[in-house]
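The values are calculated or read from the model by the stated rules, or taken from the named source; none is laboratory data. Computed from a prediction, not measured in an experiment: that's the story for all the values here. Here the Cβ positions follow ideal geometry from the backbone for every residue, glycine too, while neighbour counts run over all protein chains shown.
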Ligand code: 13P
């Protein structure tokens, strides 16, 4: 059976000492498992410490964003090449907070997906509908468009390196997760889209994570759905105990 991918998104949180403490707690309490893979996506300033502290652990890690150029005069940005040099496996691309607060377009995200893959990172591509879009029952059309505009241009070899993270915007940070049925319905739809684009094998192997208020109390129900291959966890990934409890429920 496929293992689950349990990934934390720390967002813009934790001081140096808090980050070191959390990494140390995770490294000393996480056990290698064939049921799940743990990963943390940390602010880029913490990557040096992350590389050191997680060196002998089974936990993978990544950045939360990357720019589309390898290097150069792009003040304040981080390149995929630099993330890779710190040992990152992943980089988040297209998080709704980047789309909303930093105006990242489908075209820009498409370029970021390409760059991440070119530099040997696995993009964790985030997408999902807003509340008004769900209320208007447009969620499938929105999700389809997000995938078509930023990911489905890839050939199947490149696509197989992408992790998808369905994150309904109305569930992020609200405490109101999608119900297991709502999430499963959307994940099955997403897998069907992948199947139409790339065929059954690629679709079955694809990782489709759920994100949005996942916590120890609801993780088992969400993660036991057949088309939910893991979670992308924000708030609950900031406490080692909660994050590991979510993994344990996988
Ligand atoms: P929360 O788990 O805090 O709702 O955040 C989800 C998320 O945005 C992960 O990328």
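None of 35, 4, 11 is within 16 Å of the ligand (Cβ to nearest atom), in contact (Cβ under 8 Å) with a residue 60 or more places away in the chain and surrounded by fewer than 22 Cβ atoms within 10 Å (Cβ to Cβ) except 11. Restricting attention to region 83-108, the residues that are without any contact (Cβ under 8 Å) to a residue 12 or more places away in the chain and crowded, with 17+ Cβ neighbours inside 10 Å total 2. Pairs are defined by a Cβ separation below 8 Å, a sequence spacing of at least 6 or placement on different chains, a first member in region 134-161 that is in contact (Cβ under 8 Å) with a residue 12 or more places away in the chain, and a second member that is in a loop (DSSP other than H, G, I, E, B) and surrounded by fewer than 16 Cβ atoms within 10 Å (Cβ to Cβ); the pairs so defined are 156/199.
Just checking, does region 9-21 include any residue being at pLDDT below 95 and within 26 Å of residue 229 (Cβ to Cβ)? The answer is no; no qualifying residue exists.
The single residue among 162, 151, 169 that is within 16 Å of the ligand (Cβ to nearest atom) and in contact with a strand residue (DSSP E or B) (Cβ under 8 Å, 6 or more places away or on another chain) turns out to be 162.
Only residues that are within 11 Å of the ligand (Cβ to nearest atom) and touching a strand residue (DSSP E or B) at 6+ places or on another chain (Cβ under 6 Å) were counted in region 193-243, giving 10. For first residues located in region 169-188 and more than 19 Å from residue 146 (Cβ to Cβ), partners that are modelled with pLDDT under 95 and within 15 Å of the ligand (Cβ to nearest atom) and lie 6+ apart or on another chain with Cβ distances below 6 Å do not occur. Scanning region 91-102 for residues being within 11 Å of the chain's Cα centre (by Cα) and within 12 Å of the ligand (Cβ to nearest atom) gives a total of 4.
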